[in-house]
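Written out below as structure tokens is the structure these notes cover.
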Amino acid sequence: MTTVTDLKKTPFHKTHVEHGAKLVDYTGWEMPLLYTSIIEEHRQVRQAGGLFDVSHMGRFTFKGRDAGRFLDRVCTRDIATMQDRQVRYALVCNEQGGCRDDVLVYRHSDTEYTMVCNAANRLKLVDHFAQVKGELVYRFADITEKTAMVALQGPKVMDTLAGFSKEIPTLKRYRFTEKSLFIAKFLVSRTGYTGEDGVEVILPASMAGKAVEMILKNMDEGAIMPCGLGARDSLRLEAGMALYGHEIDETIDPLTAGLDFAVSLEKGGDGFIGQEALREIAASTSRRRLVGLKLEGRRAARQGMHVLAGSETVGVITSGCLSPTLDASIAMAIVEHSTSNEGTTLQVDLGRQAVDATVVPMPFYSR
């Protein structure tokens, strides 16, 4: 059993304590669930800006002649066609097409890449990459504990960052730049996991405390406030974004999860691991689908609850919440193909009662 003293602490831990965060065990890290309330922090991000510590996520570097070839082999997305300073979302699959993880790949050059993965899958991916490497020539490094990572998300973030850098607000979505502060390098990407505009920043662990102190000190009052994992989850759900262990896992493939855009089924060469399995899944006319649901009433659906069509179970809830933005109960669910059309009325078994739920388009929220 993991105790508090066993938990890893991010370089921002002192900041969390100073701001009164409620700290919890999240995949072996002591992380802030909230500072004030999940709803208040959720609305802060939708209306202005939030600062999230995401240092628990894994960070790897790949350098050398065959780094790109290796990433093309393990990632579902086409890595070979990436441009310098571009970021791509991709999946790392198993042989059956299930998801080992979802990742972001950053291309510095054709011989240097950075990858960000989920905290829970970090060590699993390290082992997987070592098994797949073979004769390919590249250097791999796990830089997770040498670095920190923070996300700044919300409609006022870019205007606020303009006071620090003229270049950052001009970045296109899924592009990054590298900035220097004193002797430290920062990687700043226009990416995020909330449905809002903003950036994610990778920086040396030794600079984390100073960087956050500088950010918060120089912000307009109320423009950007610290936020916890609770709000991050409700924000990503409203934005229809998959979470590992919910919408995707080793048994759920990216096509079922609606992530077709991140799968290059026609990738040539050696292809990617799981490609043939995913081609077979893509050819099926009756495969299950991830859908959005809007429930009657105000009770939230939870992962694992059954989705019904009459008396027949046709699916399962993967995520659900009472949406602070929409003031409605929303959920994502994987259901049978025949019940996946928008407008279809289904039911969700909440335990003591089943309530009607309508299949609706995703994302639930879009700025």
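So which of T111, T36, T81 ends up being surrounded by fewer than 19 Cβ atoms within 10 Å (Cβ to Cβ) and under 27 Å from M225 (Cβ atoms)?
Details: T111 fails: under 27 Å from M225 (Cβ atoms); T81 fails: under 27 Å from M225 (Cβ atoms).
Answer to the check: T36.
Taking segment 342-360 on its own, how many of its residues are in a loop (DSSP other than H, G, I, E, B) and surrounded by 11 or more Cβ atoms within 10 Å (Cβ to Cβ)? So that I can check it myself, show each step before the final result.
First, the residues of segment 342-360 that are in a loop (DSSP other than H, G, I, E, B): 342-344, 350-353.
Keeping just the survivors that are surrounded by 11 or more Cβ atoms within 10 Å (Cβ to Cβ) gives 342, 344, 350.
So the count comes out to 3.
I'd like to verify a number: residues in segment 1-33 that are in contact (Cβ under 8 Å) with a residue 60 or more places away in the chain, touching a Leu at 6+ places or on another chain (Cβ under 8 Å) and of a type outside the set (V, I, T), how many?
Number of matching residues: 9.
Which of the strands (runs of 3 or more DSSP E) found entirely inside segment 254-336 contain at least 2 residues meeting this: surrounded by 14 or more Cβ atoms within 10 Å (Cβ to Cβ) and free of Cβ contacts under 8 Å to residues at least 40 places away in the same chain? Full working, then the answer.
On the way: elements: 289-295, 306-309, 312-323, 328-335.
Here the list reads 312-323, 328-335.
Evaluate segment 101-109: report whether one residue or more is under 17 Å from Q275 (Cβ atoms) and touching a residue at least 60 places away in the same chain (Cβ under 8 Å).
Yes.
Which ones in segment 205-243 are surrounded by fewer than 19 Cβ atoms within 10 Å (Cβ to Cβ), more than 20 Å from L34 (Cα to Cα) and not basic (K, R)?
Passing the criteria: A205, S206, M214, N218, D220.
Within 30 Å of A277 (Cα to Cα) and loosely packed, with under 14 Cβ neighbours inside 10 Å: is that true of A130 in this structure? Let's see the steps before the verdict.
Working: within 30 Å of A277 (Cα to Cα): yes; loosely packed, with under 14 Cβ neighbours inside 10 Å: yes.
Criteria met by A130.
Within segment 14-41, track down each residue that is at positive phi and among the hydroxyl-bearing types (S, T, Y). Reasoning before the result, please.
Initial filter on segment 14-41 (at positive phi): 20, 27-28.
Once the filter is applied, which keeps residues that are at positive phi and among the hydroxyl-bearing types (S, T, Y), segment 14-41 yields only T27.
Among the residues of segment 143-158, is there at least one that is farther than 23 Å from E30 by Cβ, out of contact with any Lys or Arg (no Cβ under 8 Å at 6 or more places or on another chain) and outside any loop (DSSP other than H, G, I, E, B)? Working first, answer last.
Within segment 143-158, the subset farther than 23 Å from E30 by Cβ is 154-158.
Then drop every residue that is not out of contact with any Lys or Arg (no Cβ under 8 Å at 6 or more places or on another chain), which leaves 156-158.
Then drop every residue that is not outside any loop (DSSP other than H, G, I, E, B), which leaves 157-158.
The answer is yes, given that some residue of segment 143-158 is farther than 23 Å from E30 by Cβ, out of contact with any Lys or Arg (no Cβ under 8 Å at 6 or more places or on another chain) and outside any loop (DSSP other than H, G, I, E, B).
Just wondering, is there one or more residues in segment 185-192 that are modelled with pLDDT under 95, surrounded by fewer than 16 Cβ atoms within 10 Å (Cβ to Cβ) and more than 21 Å from the chain's Cα centre (by Cα)?
Within segment 185-192 (the criterion being modelled with pLDDT under 95, surrounded by fewer than 16 Cβ atoms within 10 Å (Cβ to Cβ) and more than 21 Å from the chain's Cα centre (by Cα)), the answer is yes, since at least one residue qualifies.
Report the residue count in segment 183-232 for those that are free of Cβ contacts under 8 Å to residues at least 60 places away in the same chain, of a type in the set (D, E) and part of a helix (DSSP H, G or I).
Number of matching residues: 0.
Can you tell me which residues in segment 39-51 are buried (at least 23 other Cβ atoms within 10 Å of the Cβ), hydrophobic (A, V, I, L, M, F, W, C) and assigned to a helix (DSSP H, G or I)?
The answer is V45, and nothing else.
State all residues of segment 57-67 that are outside any strand (DSSP E or B) and surrounded by 21 or more Cβ atoms within 10 Å (Cβ to Cβ); if no residue qualifies, say none.
Start the filter on segment 57-67 by keeping residues that are outside any strand (DSSP E or B), which leaves 57, 64-67.
Residues satisfying the conditions are M57, A67.
Here are S189, S180: which of them is within 19 Å of H56 (Cα to Cα) and small (G, A, S)? Step through it out loud before you land on a result.
On the way: S180 fails: within 19 Å of H56 (Cα to Cα).
Exactly one residue qualifies, and that residue is S189.
Collect the residues in segment 134-167 that are surrounded by fewer than 20 Cβ atoms within 10 Å (Cβ to Cβ) and without any contact (Cβ under 8 Å) to a residue 40 or more places away in the chain, keeping them in residue-number order.
G134, E135, D159, A162, S165, K166, E167
Kindly establish whether F176 is over 25 Å from K9 (Cα atoms), assigned to a strand (DSSP E or B) and touching a residue at least 40 places away in the same chain (Cβ under 8 Å).
Values: over 25 Å from K9 (Cα atoms): yes; assigned to a strand (DSSP E or B): yes; touching a residue at least 40 places away in the same chain (Cβ under 8 Å): yes.
Spelling it out, F176 is indeed over 25 Å from K9 (Cα atoms), assigned to a strand (DSSP E or B) and touching a residue at least 40 places away in the same chain (Cβ under 8 Å).
The values are calculated or read from the model by the stated rules, or taken from the named source; none is laboratory data. As the structure is a computational prediction, the values presented were derived from the model and not from experiment. Every residue, glycine among them, receives a Cβ derived from its backbone with ideal geometry; neighbour counts consider all protein chains shown.
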